[in-house]
1. Using 0.36 nm per residue of separation minus the Cα-Cα distance, give me the extension gain between A:V216 and A:R185 in nm, one decimal.
2. Among the listed pairs A:K210/B:K165; A:K188/B:K233; A:K151/B:K216; A:K188/B:K186; B:K151/B:K182; A:K151/A:K197, give every one whose C-alpha distance is greater than 27 Å.
3. Need one number: % antiparallel among DSSP beta bridges in the protein assembly as shown, to the nearest 5.
4. Report the charge-dipole magnitude of chain A in Debye, nearest 20, computed about the Cα centre from +1 at each Lys and Arg Cβ and -1 at each Asp and Glu Cβ.
5. To check you understand DSSP bridge types, tell me what percent of the beta bridges within chain A (both residues inside) are antiparallel, rounded to 5.
6. Within the stretch B:215-303, which trypsin sites (Lys or Arg not before Pro) sit in a loop by DSSP and count at most 15 neighbouring Cβ atoms inside 10 Å?
7. Under 18 Å from the 7 Å Cα→Cβ point of A:F76, by amide nitrogen: which residues of the stretch A:10-35?
8. Sorted from largest down, give the three principal axis spans of the alpha carbons of chain A, whole angstrom values.
Amino acid sequence: MIVAERKPMDEIIDMIAPYEKVLVLACGGCVTVCLTGGEKNAEMLATQLKLAASQADKTISADFDCITRQCEKEFFDNLTKNPDDYDAVLSIACGAGVGYMSEQYPDAVILPGMNTTFLASNVANGIWEEYCRGCGDCALAWTGGICPIAKCSKSLINGTCGGTNDGKCEVDQDMECGWLAIYERLEKRDRLDEYRKMRPLRDHRKDRGKGVRRLVLKDMIEEEPVNE
Amino acid sequence: MSEPVSKLQKALQAGEFVVTGEIGPPKGTNIGPVIHEAKEYLKGAVTAVNVTDIQTAVMRAGSMVGCKLLLDEGIEPVFQMVCRDRNRLALQSDLLSAYILGVRNVLSLTGDHTTMGDHPEAMGVYDLDSVSLLEAMCTLESGSDLGKDMKGNPNELDGAPKFFKGCCVTPCAEEVAPQIIKLEKKVAAGAQFVQTQAVYEPARFEKFMKSIEHLKVPVLVGIVMLKTAGMAKYMNRGVPGVSVPDELIQRLGDCAKEDRQKVSIEICGELISSMKDFCQGAHLMTLGWDHCVPGIIAAAGLA
């Protein structure tokens, strides 16, 4: 899932300062699951914004709404409030939601209430940890299912560096060395041959080096886009 | 055995016990004192001098300029290259540039993470790693580069370099097996010599050397001068894969302040003489105490 954290309150207050009528818009997708951008968060944030405004001798109206997913147009029909009726919409979806809403409501001011951080799993109550960087070239088959891109602080592909220390990474003594974990997993499976292999250089075009990435399923395209 | 391209390669091929030194370019433009010290204390005393590459991710003048200034003084440099700050275009370009300037020895390193240094917000690159940087050197030597021309054929260089290629290893890492496999990959990728991370445990180092016998690559044991007991304790806490025995910390702690440098030199000398029979050289990292190098060499019984 995509993890996003709410931006610091001061930053949000600065962002909405020019506006009087604000809609805080939650997303029912990933950010609801990681308990940061769901309907309850939107309700609470709207209240906090009104409180902060009143403390600053300002008056704002702040409503809230929530749709199933902000990254899919079909769910926009579920909006109970119209974004175009507001001075600004503070979206607490991930960046994909904010960006897509901005594109679909070009006359509305859609602002990001969140910092989108990483692709994660919920590893314990209240803890989400990064498992994928979306690099476009999955390595998990030869690393025992442990991602060298996400779990190594340097995203190395040929094995551990000299910064591994008692199983931890030089960057943070509380962080596991991803490559040591890979080594141990492969050793247990008697597959250290995978560790020994020379890995081809990464192709960063698959990552973020070639502009906007798209997934196109030709069979699923119903009609040619008009503007192409 | 290939025709040596440097004095360092020649000495190692001849089976001499080789000593190398190390300098770090300054944070600023005032590089004169560092070069002066190298000329004063390292020239003639060591076979080659490493020039660090933005070590510990603390921004400073670059390795290549230090190498060039050493060459001007008749001192053979080892050009350290980390993969943290440059992508494959810049790394290959700098290899060509360094070769044009007369650099022949290159040491391939991963590089400490950006967050360890004084620009923690900087992006870490790691487009190549310490293995693929060695492969890149071999590719350049073959007259090509890592790219392709418009037709998908290998690019052709107008003049190819020839390096003596080195790498690093941490012999006393808590988990040494994955380090050894990585070293095997570095040697397969073209590494011709090894300079190690600091070693203070000769017995552990001897065991390590036995475990890499099959690689048949010359190894220069890394000796980092312990200036104070506090520094030794810091290394135990903060430097991965380095463990300073209590006995050495005690010796540094017990001696009078004015004797500390003498004791520090003695410790380096003892370490080298206890390990010189099972490695091919020593790499001295004096952290600015270049004037101690002749003393260390004498204390090791190498003079």
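1. Stretched out fully, the A:V216 to A:R185 stretch lengthens by 7.6 nm.
2. Long pairs (Cα-Cα over 27 Å): A:K210/B:K165; A:K188/B:K233; A:K151/B:K216; B:K151/B:K182.
3. Values: 14 of 60 bridges.
Just about 25 percent of them are antiparallel.
4. Approximately 1080 debye in magnitude.
5. Bridges in chain A that DSSP calls antiparallel: roughly 50 percent.
6. Of the trypsin sites (Lys or Arg not before Pro), the ones in loops of the stretch B:215-303 whose Cβ has at most 15 other Cβ atoms within 10 Å are B:K216.
7. Under cut-off, by backbone N: A:23-29.
8. 64, 49, 27
Any read-out appearing in this document is the output of simple, stated calculations on the displayed coordinates, not a laboratory observation. Keep in mind that what you see is a predicted model, and the values were worked out from it rather than measured. Every residue, glycine as well, gets a Cβ built from its backbone with ideal geometry; the counts of neighbours run over all protein chains shown.
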